[in-house]
Every structure is written in C-alpha cells, then in structure tokens.
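K.L.:
Handing you a structure now.
Where a number appears in this text, it was derived from the coordinates with a stated rule and is not lab data. Since the model is a prediction, treat every value here as computed from it, not as a measurement. So basically every Cβ, Gly included, is an ideal-geometry build from the backbone, and we count neighbours across all protein chains shown.
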C-alpha cells in the first residue's frame, strides 16, 4: 500500500485537536483551585483555531519508523503542540511581533487582552510538561524523562526562546548569513528537531538512528524557515491567515533579505536534498518523513 501523506496529515490534526479539546477544560486543568474561565477560554482560543499540527506529525512519523502505532504518539505530540501554541501566543504580543491575526482570526491578545494572553501562553507551556510526565504516556519513567529533557532543549534558552532573543537582537544589529541561519535554527528549527527526536526516543531508536533523525530534522527545520521567509514575500495575507510582508518592515533579518528570492529558493532545494539523504538508511519506513520534507518545500501557506 502506498503512503498517503494527506491522510496522515489530516488524521494527526484530528487526533491533536481532540486531545487539546479534552485537556483544555476546567476539569482537566484543575489544581488546588479551579482555573478561571477566562484563562481557559484564552488558551482554547490560541490552540483550537486550526493549524496543520506539523510538529506532532513529525513526531508520529519518526516514531512510525520504529513501528510505534499512531495512537501511542498522541500524548507526546500534544505536549509539543502546546509548546508551539504558547510560542505563537507570545510571538503575537505587541512587545514581540505585534500581530493582529493568527490563522485568520484575532490573536489572543486582541480577542482578550495582553495580560490574559501572557498567562494563556505561560499556562500552555506549564501543562505541556505535565502531559509528558504522566505515566499514561509510557510505562518507563526513563523514557518520559528523556522526552522532557528533549523538549526543554528544543524550547529553552538554547532553542526556541533563545532564537527569539537572537531575532530581537537582530533588529538593531547586523547579522551575517551564518548568524541568521543560527538564529533560525534555534527559533524555528529546534522545536522541529525536538519533535523528530522525541519520536525516535518513543520508538527506541539507537544512537546511530537518532543521529540520522537529527540530521534530517535540522535540515527539515532549515527548509521550513526558508519556505516561511519566501512565503512572507510572495504569499497573500489571505493564503497565510496572517499579515505578510512584515519581516522587511520590522527590520527582520532573513536569508531571503540577505541573498534574494531566487537564491533562497535554490538553497531550499539543497536543504530538502540534505533532509532526504539523511534518512536513506531507513528505506521505505521513512516515507512519511520524506513526504513532510517535500511538503515544507512546496507549501503555499
């Protein structure tokens, strides 16, 4: 049977949407007290408004290389997606990218207010690690600890958050092409890298197999960001579901701005080749990962 990328993309999105819907409820989020309704509503607004759920997809596909059933990847994928959603809520804030639209609807700080948006992002971040720590994810606590450590590395100061800081610093100082690539590898690539590696960890990948997955993920992360920067130049706001053309206006330093659109497109083709080459040892078991890398290069939104 041939691999159907569209079907797996859709089924993953449905699984993650259902898991988010179940978790982001007053009952499921209870602690010593009851969560405020406005906070829960803001978290839902920032998480349940669509999205391709690409990071959980990558986690699922990497785990699938080792025969892990799709259902066993939902909880880890949910944690990754909650981190991604928190980052979008915070990125949209006036102090960061100051965006009014996300996925075609008002951003959380516009639909609610800035303070609520900050708290919604903070709470999504916090509960993501509770999801990973729960023994229903995997019976082996060592596996759960490795997943937590992997997500911390991808989302923390040496990963996504640190990359955002480098991006802010780049607004007031010149970045070389290498520095831009390093910033983007942290801001965007690190969570993609973590997602793929977490799938490998769930599947019991050997050290060598995890290296192959890491090489793939780092190249795929570069491809995703290159495609995003290209789309910011050529796509319409309607297609993207958010404002476009903002990078240049905000003084953002991107590979497209540094080397031009056509050279960036050539570079995109090169990094996709790198991603596909990295997983050749897996053969047909990595059909999903190959399809996602190609999707990164061809996506229109």
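K.L.:
Using the alpha carbon gyration tensor of segment 1-113, what are the three equivalent-ellipsoid semi-axes (square root of 5 times each eigenvalue), largest first, in whole Å?
P.N.:
28, 18, 11
K.L.:
What percent of all Cα-Cα pairs in segment 152-210 falls into each 10 Å bin, going from 0 up to the bin containing the maximum distance?
P.N.:
Calculated P(r), rounded to whole percents: 25, 40, 24, 10, 1.
K.L.:
Another question, then. Please identify, among 230, 259, 279, the residue showing maximal mean-square fluctuation in a Gaussian network model of the chain using a 10 angstrom Cα cutoff.
P.N.:
The residue that fluctuates most here is 259.
K.L.:
Ratio of segment 6-54's C-alpha Rg to 2.2 N^0.38 Å, to two decimals?
P.N.:
In units of the 2.2 N^0.38 Å rule of thumb, it is 1.31.
K.L.:
Order of 193, 30, 290 from fewest to most other C-beta atoms within 10 Å?
P.N.:
By the 10 Å Cβ count, ascending, the order reads 30, 290, 193.
K.L.:
For the chain, what is the mean residue ellipticity at 222 nm derived from helices alone (per DSSP H run of n ≥ 4: -39500 (n - 2.57); sum divided by total residues; nearest 500 deg cm²/dmol)?
P.N.:
Roughly -21000 deg cm²/dmol at 222 nm, from the helical runs in the chain.
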